[in-house]
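Trainee: So that we are looking at the same thing, I have put the structure below in structure tokens.
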Amino acid sequence: MKMIGTVIVTQTTPNPSEFHFVITKDSKDFQLKRDMYIVVDTPEEEGKVIAQVKDIIKTNRYFSSPSAVKAYETSGKTLASIFPADSWEYIIAKAKALGIHTKQGVKRLQYPVSPGDNVFLADSNLLSKFLGLDQDNGLYIGKLEHHDIKVKLNLTRFLQKHLAILAISGAGKSYTVSVLLEELLNRKKEQGRIATILFDVHGEYKGLKETGAKINEQIEVISASYIQFATHSISAAQFANFQPDISPVQLRELYVVLGRMYNEKVKKGVSYTISDIMEEIENDERMNQRTKDALNGWLFELEKTKLFGVKEFPNLKEKTKPGKLLIIDLSDFTSLRQKQMIVSYTLSRLFELRKKSEIPPVSVILEEAHQFAPESKLSLAISRPIINTIAREGRKFFISLILISQRPVNLSTTTLSQCNTQIIMKIMNPYDLEFIGRTSEGIDRDTLNSITTLGVGEAIVVGNAVNHPIYVKIRERITKNLETKNLEQVAKNFDL
Ligand SMILES: Nc1ncnc2c1ncn2[C@@H]1O[C@H](COP(=O)(O)OP(=O)(O)OP(=O)(O)O)[C@@H](O)[C@H]1O
Ligand SMILES: [Mg+2]
């Protein structure tokens, strides 16, 4: 390990959580930066203290007295020309102690490092272990900022629970998703492969299949205009989600009718359509006419969406396979309601199939998540209940969500608080920042404040996937020709 400094005494440090060190002269060939990780080898403790640089202060005794500096400068000579002032400049860094790495694992520091202890630059091996990276089998998303270390996140820690990717438009959320997809698709069987479903709201991912990369064969794109729900697999409660104005009495009647149809048809292997349900309702002698009319009114409205059929397309059980990606392209749909219905149906089916272990562990990626699981009661929210259910219970059944949003503040708090790992990229809006500060455990003030200063492709990973929040420069993707066109290109090519 490279030695870079020595712990010094200040009025309040070293204490168990903080210490200062002076950078020793012979380390001029490297530049200490904020957020770098350092190590103090404490002779009296049983392990290595890992700390992070939080501040860097330059100081020079010759310039510490304003009156002396002024007196010399007004005499027409510079201070530096009289005294060897340059060689008296030195650098002090403030470091936050993160923990002590012992043979038994990482512990919180109970006791300060000692003045005079040597400070080293953290080596990759130790740091990887300390941060909880999985260099053997992890998903490689980028490099640790300021260090030449690959950030490889352990699949279980990263995706058994849910993930949120939050940032302003253009910060690199979708780019990060495509890097993640490359990692998931390139995994070897013996590393454990999961299935991935992606709702492509803007049609920006379907290009992944045409990039010429070898992962092409593992990707299937389905346009939402071909989607068909298997009507018989939709419960009364789900119908009520699609038509939230259905009254409790109407819902109860629908429940009875669907129960009867299940016994008479589904059990015998016969499916049905919405028209069949409407007919069954019409012929029901017990139900009063007003309820019949209301229910059939709702159902007729649903039928018009043309989403309800006898057979499911795509067949979710067949399309959800380990190491495969199914892209559901929602970009042709303008109706948010229909997009929400598709997301709701698909998620409900996947959850049900996962509960019965009929499909492999699966991750579902949802762009514009705030549109599908909005916080506000005023927003249309057909898909919110199932997203919240999976957010709460999904990990037990190995179905996880990857939610992407530019407006975290509009995203359901229930859902977001279940996203145990967050990839946070540049965010400017103070409401969003404050909201993230509240909902995200383990993100401190300093880290929160740095979110506004992140550049494109720079991210903070915080939560379950790592032991400490880390700064990551997201790696370049392998699948290159996925570039989004800019205004100039589109304007040049526009021809009527
Ligand atoms: N890690 C990265 N390396 C190189 N370029 C990047 C990286 N991340 C993003 N970019 C570039 O920045 C641009 C915006 O990225 P991206 O489309 O992922 O943003 P976004 O956060 O998804 O925005 P929106 O909210 O509008 O969908 C893209 O043109 C992309 O090429
Ligand atoms: Mg995007």
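The values are calculated or read from the model by the stated rules, or taken from the named source; none is laboratory data. What you see is a predicted model; the values in this text were computed from it and never measured. No Cβ is skipped: glycine too gets one built from the backbone with ideal geometry, and neighbour counts run over all protein chains shown.
Trainee: Quick one: S450 ticks every box in (1) within 16 Å of ligand 1 (Cβ to nearest atom); (2) over 16 Å from the mean Cα position of the chain (by Cα); (3) among the small types (G, A, S) bar one, so which box is it?
Mentor: Going through the list (1) within 16 Å of ligand 1 (Cβ to nearest atom); (2) over 16 Å from the mean Cα position of the chain (by Cα); (3) among the small types (G, A, S), S450 breaks only (1).
Trainee: Out of the residues in the stretch 159-194 meeting the condition of being buried (at least 24 other Cβ atoms within 10 Å of the Cβ) and more than 16 Å from ligand 1 (Cβ to nearest atom), tell me which one is farthest from V343 (Cα to Cα).
Mentor: Ranking the qualifying residues of the stretch 159-194, first place goes to L159.
Trainee: Pick from the stretch 410-432 the residues that are crowded, with 18+ Cβ neighbours inside 10 Å and hydrophobic (A, V, I, L, M, F, W, C): which of them is nearest to ligand 1 (Cβ to nearest atom)? Working first, answer last.
Mentor: First pass over the stretch 410-432, keeping only residues crowded, with 18+ Cβ neighbours inside 10 Å: 410-412, 415-416, 418-427, 432.
If we keep only those that are hydrophobic (A, V, I, L, M, F, W, C) too, we end up with 411, 416, 419, 423-425, 427.
On the way: L411: 13, L416: 17, C419: 17, I423: 11, I424: 12, M425: 7, I427: 11 Å.
Only one residue tops the list, namely M425.
Trainee: Looking at E367, E393, can you tell me which residue is under 28 Å from K319 (Cα atoms), within 16 Å of ligand 1 (Cβ to nearest atom) and charged (D, E, K, R)?
Mentor: Numbers: E393 fails: within 16 Å of ligand 1 (Cβ to nearest atom).
Result of the check over E367, E393: E367.
Trainee: May I pose another question? Among the polar types (S, T, N, Q), farther than 22 Å from I404 by Cβ and either crowded, with 18+ Cβ neighbours inside 10 Å or in the same structural domain as K58 (by TED's automatic domain parsing) (or both) - does that describe any residue in the stretch 127-149?
Mentor: yes
Trainee: Could you tell me whether the stretch 261-271 includes any residue that is touching a Lys or Arg at 6+ places or on another chain (Cβ under 7 Å), under 30 Å from A195 (Cα atoms) and not small (G, A, S)?
Mentor: No, the stretch 261-271 contains no residue that is touching a Lys or Arg at 6+ places or on another chain (Cβ under 7 Å), under 30 Å from A195 (Cα atoms) and not small (G, A, S).
Trainee: What are the residue pairs meeting all of these: first residue in the stretch 197-215, first residue at pLDDT below 90, second residue among the basic types (K, R) and within 12 Å of ligand 1 (Cβ to nearest atom), Cβ atoms under 8 Å, and 6 or more apart or on different chains?
Mentor: From residues that are at pLDDT below 90, the pairs are T211/K480.
Trainee: What tally of residues in the stretch 212-233 results from selecting those that are closer than 16 Å to S344 by Cα and part of a strand (DSSP E or B)?
Mentor: Residues in the stretch 212-233 being closer than 16 Å to S344 by Cα and part of a strand (DSSP E or B): 3 in total.
Trainee: Can you find, within the stretch 168-194, the residue that is farthest from ligand 2 (Cβ to nearest atom) among those that are of a type in the set (A, V, I, L, M) and within 19 Å of V364 (Cα to Cα)? First the steps, then the outcome.
Mentor: First, pick out the residues of the stretch 168-194 that are of a type in the set (A, V, I, L, M): 168, 171, 177, 179-181, 184-185, 194.
When the remaining residues are screened for being within 19 Å of V364 (Cα to Cα), the result is 177, 179-181, 184-185, 194.
Values: V177: 8, V179: 13, L180: 13, L181: 13, L184: 18, L185: 19, I194: 22 Å.
Applying the filter and picking the extreme gives I194.
Trainee: If you take the residues of the stretch 195-217 that are away from ligand 2 (no atom under 16 Å from the Cβ) and crowded, with 21+ Cβ neighbours inside 10 Å, which of them is farthest from P385 (Cα to Cα)?
Mentor: Once the filter is applied, the top-ranked residue is A195.
Trainee: Tell me whether the stretch 291-304 contains one or more residues that are of a type in the set (D, E) and over 26 Å from S247 (Cβ atoms).
Mentor: no
Residues are listed down the side, and each one gets a yes or a no for (1) assigned to a loop (DSSP other than H, G, I, E, B); (2) more than 27 Å from D41 (Cα to Cα):
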position	(1), (2)
Q110	yes, no
F120	no, no
N125	no, no
V151	no, no
V177	no, yes
L181	no, yes
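Trainee: Okay, next question. Can you tell me which residues in the stretch 253-299 are of a type in the set (A, V, I, L, M), part of a loop (DSSP other than H, G, I, E, B) and in contact (Cβ under 8 Å) with a residue 12 or more places away in the chain? Full working, then the answer.
Mentor: Kept after step one, since they are of a type in the set (A, V, I, L, M), are these residues of the stretch 253-299: 254, 256-258, 261, 266, 270, 274, 277-278, 281, 287, 294-295, 299.
Right, trim to part of a loop (DSSP other than H, G, I, E, B) and you get 270, 287.
Once the filter is applied, which keeps residues that are of a type in the set (A, V, I, L, M), part of a loop (DSSP other than H, G, I, E, B) and in contact (Cβ under 8 Å) with a residue 12 or more places away in the chain, the stretch 253-299 yields only M287.
Trainee: Restricting to the stretch 1-40, and then to whatever is closer than 21 Å to I470 by Cβ and touching a Phe, Trp or Tyr at 6+ places or on another chain (Cβ under 9 Å), can you tell me which residue is modelled with the lowest pLDDT?
Mentor: Of everything passing the filter in the stretch 1-40, M1 is modelled with the lowest pLDDT.
Trainee: Now, a different point. Being away from ligand 1 (no atom under 16 Å from the Cβ) and of a type outside the set (D, E, K, R) is the filter here, so list the residues in the stretch 196-212 that pass it. Break it down into steps so the answer makes sense when it comes.
Mentor: Taking the stretch 196-212 as the starting set, the residues that turn out to be away from ligand 1 (no atom under 16 Å from the Cβ) are 196-197, 209-210, 212.
Once the filter is applied, which keeps residues that are away from ligand 1 (no atom under 16 Å from the Cβ) and of a type outside the set (D, E, K, R), the stretch 196-212 yields T196, I197, G212.
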